[in-house]
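Down below is the structure, laid out as structure tokens.
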Amino acid sequence: MTGAPVLVLNAGSSSLKYQLVVPGTTEVAAKGTIERIGEDGSGIADHSAAVRQMTEQLGAAGIDLATAGVRAVGHRVVHGGPDFSDPVVVTDAVVEQIRDLSPLAPLHNPGAVAGIEAARAELAVPHVAVFDTAFFAGLPAAAATYAIPRELAAQYRIRRYGMHGTSHRYVSTAVAALVGRPLAELSQIVLHLGNGASASAVQGGRAIETSMGLTPLQGLVMGTRSGDVDPGLHPYLAREAGLSIDEIDSALNKQSGLKGLSGVNDFRALQELRQAGDADAELAFGVYVHRLKHYVGAYLAQLGRLDVLTFTAGVGENNAELRAAVVAGLDGLGLSVDPDRNAAPGGGARVISPDGSRVTVAVVPTNEELEIARQTVALLDSSAG
Ligand code: ADP
């Protein structure tokens, strides 16, 4: 049965990404994105229309969803809150629970709920929700706890949840195969650097630290998110700049990070500005790297020993200069890259540190859709007995 395809859906507020994945292989039968859901003039009124559009696109590619033997639909859900630490078969009650978590992820969970509801109405197969927070549900309490009044934390479900967990799990597992050592033996740092960005420390396959928190705003510098700032910034902006909570939220989530510093959020555009001698872009690169080094050092201390440092996602997989900058000067900690290996083109999982290095530095392309498909199948297989 593992040969049957799984349809993986990643629904946001205005987009629906889909992939038809064959879990036992790395084969992707089809994929696409429906954008501008609910926008004027897009012709895609809502998520139900987006699902129908997907069905049409697949049909045009020669895939009839009704007869393709799709075993299940796996849904990416950003926030599982305190309720979900594992994938779950979607029921009406589960949909309500995910909806109930929306205050924790107002930019993400409502879109996921809309996508799940639309897909369940169209596709009569089991639906499974896979949570981006799940890999971090077992963070040690000392890592997951904010030093705020415990009553507030309990009442409002405030803790470090972490996101990108599906990617961190996939990459940390794949890297064990790449270096040919058991996952259980490895102390790792994974740097997921895409539009959003996060770091994790993984010991024996278990996450012990991650840079995102209650929301995806914490941690690394991202395309449009600030990452770590002094929490005192918020009251300061409210009092001195007269900004509302929503304006501050938007400034930190949508107008900050690389975009706030340089005017562009895309790393390739940033590199072009730097090459043209743009000082703001140069500083943005510097801040981005500085924050990464900060987390690498912190996680080295939390792990006590480091075996592998892995780069993944759009920036991490593609930008050799950034990778070299992150480990520059860390030879004393056993971290370095071989310039030729680092610069070599080629997209697969690869080691970029010199032979015999104390710490292996690797690049592993992430594949969240495959991981969601695998977890979907594993859950259904286990519940089938
Ligand atoms: P998302 O977080 O949306 O999944 P990605 O993982 O695709 O995003 O990462 C997007 C980022 O990766 C962008 O900043 C983009 O500029 C960067 N990126 C993609 N390809 C390259 C490349 N060849 N060189 C440098 N950066 C790249």
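Could you tell me whether the range 29-179 comes out rounded, prolate or oblate from its Cα gyration tensor? Rule is a ≥ b ≥ c as square roots of the eigenvalues, rounded for a/c under 1.5, then prolate if a/b exceeds b/c, otherwise oblate.
Taking the square roots of the gyration eigenvalues as a ≥ b ≥ c, the range 29-179 is prolate.
Considering the options THR312, ALA325, SER336, tell which one lies farthest towards the positive end of the dipole of the range 302-353, charges being +1 on Lys and Arg and -1 on Asp and Glu at the Cβ, about the Cα centre.
THR312
Please work out whether the chain counts as rounded, prolate or oblate from its C-alpha gyration tensor, where a ≥ b ≥ c are the square roots of the eigenvalues and a/c under 1.5 means rounded, while otherwise a/b larger than b/c means prolate and anything else oblate?
rounded
In straight Cα distance, which lysines are under 16 Å from LYS254, not counting same-chain residues fewer than 8 positions off?
Partners found: none.
Once you order the gyration tensor axes a ≥ b ≥ c over the Cα atoms, which shape class does the range 1-74 get: rounded for a/c under 1.5, otherwise prolate or oblate by comparing a/b with b/c?
Note, shape of the range 1-74 comes out prolate.
For the range 1-46, build the charge dipole from Cβ charges (+1 Lys, Arg; -1 Asp, Glu) around the Cα centre, then report which of SER14, GLY43, THR25 sits farthest towards its positive end.
Checking the options against the dipole of the range 1-46, the answer is THR25.
So how do LYS293, LYS254 rank on accessible area, 1.4 Å probe, biggest first, that is with the largest at the start?
Ranked list, largest accessible area first: LYS254, LYS293.
Only Lys, Arg, Asp and Glu count, each charged at its Cβ (+1, +1, -1, -1), so figure out the dipole size of the range 159-308 about its Cα centre, rounded to 20 debye.
540
What does the accessible area per residue of the range 243-385 come to in Å², with a 1.4 Å probe and no ligands, DNA or RNA counted?
Roughly 47 Å² per residue, with all protein chains present.
Run through the DSSP bridge list for the chain and note the antiparallel percent, rounded to the nearest 5.
In the chain, approximately 60 percent of DSSP beta bridges are antiparallel ones.
Rounded to the nearest 500, what is the chain's calculated 222 nm mean residue ellipticity when only DSSP H runs of at least 4 contribute -39500 (n - 2.57) each, over all residues?
After summing the helix terms and dividing by the residues of the chain, the value is -11500 deg cm²/dmol.
Accessible area, 1.4 Å probe, largest first: how do ARG52, ARG274, ARG157, ARG239 sort?
If we order ARG52, ARG274, ARG157, ARG239 from most to least accessible, we get ARG239, ARG52, ARG157, ARG274.
Using unit Cβ charges (K, R positive; D, E negative) and no other charged atoms, how large, in debye to the nearest 20, is the dipole of the chain about its Cα centre?
My answer is approximately 720 debye.
So for LEU20, LEU152, LEU243, what's the accessible-area order with a 1.4 Å probe, most first?
LEU152, LEU243, LEU20
Taking amide H positions as placed 1.01 Å from N in the peptide plane, with prolines and chain starts having none, which residues 5 or more places from GLN218, or on another chain, fall under 5 Å of its amide H?
For GLN218, the qualifying residues are GLY213.
With every protein chain in place, what's the accessible area of ILE34 (1.4 Å probe, Å², nearest 10)?
It works out to around 10 Å².
The values are calculated or read from the model by the stated rules, or taken from the named source; none is laboratory data. These figures come from a predicted structure and were not determined experimentally. Cβ atoms come from the backbone with ideal geometry, glycine included; neighbour counts cover every protein chain shown. Areas reflect the complete protein model, heavy atoms only, side chains present, ligands, DNA and RNA absent. Shrake-Rupley method; radii C 1.70, N 1.55, O 1.52, S 1.80 Å.
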